[in-house]
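The values are calculated or read from the model by the stated rules, or taken from the named source; none is laboratory data. None of the values given here were measured: they were computed from a predicted structure. Heads up, the Cβs are rebuilt from the backbone with ideal geometry, glycines too, and the neighbour counts pull from every protein chain shown. When the accessible area is computed, the model is the full protein with side chains, heavy atoms only, and any ligands, DNA or RNA have been set aside. Shrake-Rupley method; radii C 1.70, N 1.55, O 1.52, S 1.80 Å.
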Amino acid sequence: MNRESKRWKPSPLLSASALVHAGAAAGAVASPQSWPWILGVVAANHLVLQGVGLWPRSKLLGPNWTSLPPDAAVRGAVAVTIDDGPDPELTPRILDLLDEHAVKATFFCVGERVAQHPEVAREAVRRGHAIENHTQRHLAQFSVLGPRAIADEIGRAQDVIETVTSERPCFFRAPAGLRNPFLDPVLARLDLKLTSWTRRGFDTLNRRADTVLRALTRGLRGGDILLMHDGRAGRTPSGSPVILEVLPKLLASLASAGLTAVTLRSTLPTSTSASHVLASTHE
Ligand SMILES: [Zn+2]
């Protein structure tokens, strides 16, 4: 295991925030009558941190994959990522569609759904796809949890996914992409890479498959990370899951643009991805 990657280094924004807090404490001691100003500065700092946490593609709270590494982008690799499953009805149909187009995808799965449908998760891995960590329960309030609860949500999903599939996740995506400053040290400790996306079509909310497809393919290029959902999938007006309408056209667009869909983990340096497989086979 690469120990280097587990050592957490705060981002410049978090270091600056620590300085603001230290400065505020020193200021309050040196000049107690300035407390309203000091309180204002600390409150403003908290607002900045909260605002940044609501911005899924921001890198100000720590590293965040918004696209694939440059060497993969140059090769014309893109990543199709599918969140919130596995779903016992939809995911098997998606696996068949991916097979028809010879495409490998990354599923950001919810731990408790993996535990409920282990055979679906195992089948995805058997067909060459990757399952990554999308927390244990996909809590709406994930971004306001404290450090212990965050570690618990991610650690439990990590264990469930590894037990079911024999592969330990290398990547993490926060529910709705929302997070707070406690997340980054937890990810560093678990050797997980935070991932957001380059493009998304809001396929859980948008019922029009053509609009979702356009959002995903506009300006599409090598290195893009695309986001869709197989859990809580949106439905078209005729009742069919939006992803089933969009995915075949999206995969055809990728092929005609000369782009190849690969798993996120296949773009990691080999030593890093191998360490996750080794971690699973040791136990
Ligand atoms: Zn989600």
Number of the condition not met by LEU205 [criteria: (1) free of Cβ contacts under 8 Å to residues at least 40 places away in the same chain; (2) away from the ligand (no atom under 13 Å from the Cβ)] = (2)
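Would you call ILE161 under 20 Å from LEU14 (Cα atoms), within 16 Å of the ligand (Cβ to nearest atom), among the β-branched types (Val, Ile, Thr) and crowded, with 21+ Cβ neighbours inside 10 Å? Give the steps one after another, and end with the answer.
Numbers: under 20 Å from LEU14 (Cα atoms): no; within 16 Å of the ligand (Cβ to nearest atom): yes; among the β-branched types (Val, Ile, Thr): yes; crowded, with 21+ Cβ neighbours inside 10 Å: yes.
No, not satisfied.
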query = From the list SER253, SER275, which one is modelled with pLDDT under 60, out of contact with any strand residue (DSSP E or B) (no Cβ under 9 Å at 6 or more places or on another chain) and surrounded by 14 or more Cβ atoms within 10 Å (Cβ to Cβ)?
reply = SER275
remark   = Flagged pairs (Cβ under 9 angstrom, 6 or more apart or on separate chains; first in segment 234-250, under 13 Å from ILE94 (Cβ atoms); second part of a strand (DSSP E or B) and open to solvent by 40 Å² or more (accessible area, probe 1.4 Å)) are PRO241/ARG235; VAL242/ARG235
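Here is a yes/no grid of residues against (1) in a helix (DSSP H, G or I); (2) modelled with pLDDT of 95 or more; (3) of a type in the set (Gly, Ala, Ser):
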residue	(1), (2), (3)
GLY155	yes, yes, yes
VAL164	yes, yes, no
ARG168	no, yes, no
ARG179	no, no, no
PRO185	yes, no, no
task = Go through segment 124-153 and give me each residue that's open to solvent by 10 Å² or more (accessible area, probe 1.4 Å), assigned to a helix (DSSP H, G or I) and of a type in the set (D, E, K, R).
result = ARG126, ARG148, ASP152
task = Could you please give the count of residues in segment 46-99 that are away from the ligand (no atom under 16 Å from the Cβ), within 22 Å of PRO175 (Cβ to Cβ) and in contact with a His (Cβ under 9 Å, 6 or more places away or on another chain)?
result = 1
inquiry  = I'd like the residue in segment 168-188 that is more than 16 Å from SER11 (Cβ to Cβ) and surrounded by fewer than 20 Cβ atoms within 10 Å (Cβ to Cβ) and, out of all such residues, is nearest to the ligand (Cβ to nearest atom).
reply    = ALA176
